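The values are calculated or read from the model by the stated rules, or taken from the named source; none is laboratory data. Bear in mind that the values here come from a model prediction, so they are computed numbers and not experimental data. With ideal geometry, Cβ positions are generated from the backbone for all residues, glycine too; neighbour counts draw on all protein chains shown. Note: accessible area is taken over every heavy atom of the protein model, side chains too, but ligands, DNA and RNA are not part of it. Shrake-Rupley method; radii C 1.70, N 1.55, O 1.52, S 1.80 Å.
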Amino acid sequence: QVQLVESGGGLVQAGGSLRLSCAASGRTFSSMGWFRQAPGKEREFVAARGWSGSNTLYADSVKGRFTISRDYSSNTVYLQMNSLKPEDTAVYYCASSPSPLGSYDLQDYDYWGQGTQVTVSS
């Protein structure tokens, strides 16, 4: 059974930083992704990292501000978010895919965390 537990969300002022964590268990050699969903909007891709780390993907809206990384010893994936904007406000979800490659498509992910709220005030 794959389990994903997120933490690190909160309230931050515009221009600030947050780091989200996702502790994963129950699967190896998988790629991991971060998605977000704002009220009234569809869930959207944020970032993904293939198993080897050679394939790292970002949405255009976060490129240069967010960084996805992985600690293999603890099987934890991080999303470092800098220069946050009010439009980054959303519930952030981590997800696991059986493919080792990483993907933009949420349908390629079969396990999801419970989500963590990120609120950026202006």
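Compared with the rule-of-thumb size 2.2 N^0.38 Å for a compact globular protein, segment 73-122 has a Cα radius of gyration ratio of 1.34.
The peptide list 5-17, 77-89, put in order of mean Cβ contacts within 10 Å with the highest first, becomes 77-89, 5-17.
In segment 1-110, with Lys and Arg counted as +1 and Asp and Glu as -1 at Cβ, which of these residues, V46, Q3, G16, has the Cα nearest the positive end of the dipole, that is, farthest along it? Ranked along the dipole, the leading option is G16.
Assigning unit charges at the beta carbon (Lys, Arg +1; Asp, Glu -1) and nothing else, what dipole magnitude in debye, to the nearest 20, does segment 1-105 show about its Cα centre?
Values: 10 positive and 8 negative charges, 28 e Å.
Charge dipole of segment 1-105: 140 debye, to the nearest 20.
Placing a label point 7 Å from the Cα of E44 along the Cα-to-Cβ direction, the residues of segment 74-118 whose backbone N falls under 13 Å from that point are 85-91.
Scaled to the compact-protein estimate 2.2 N^0.38 Å, what is the alpha-carbon radius of gyration of segment 34-78, rounded to two decimal places?
On the way: Rg = 11.9 Å, N = 45, 2.2 N^0.38 = 9.3 Å.
After normalising by residue count via 2.2 N^0.38 Å, the value is 1.27.
Percent of accessible area on segment 34-122 owned by carbon and sulfur, 1.4 Å probe? Roughly 48 percent of what the probe reaches on segment 34-122 is carbon or sulfur. Between S83, Y111, S99, the Cα set farthest toward the positive side of the dipole of segment 19-122 (charges on each charged residue's Cβ, about the Cα centre) is that of S83. In the full protein context, segment 37-122 carries 51 Å² of accessible surface per residue, based on a 1.4 Å probe and ignoring ligands, DNA and RNA.
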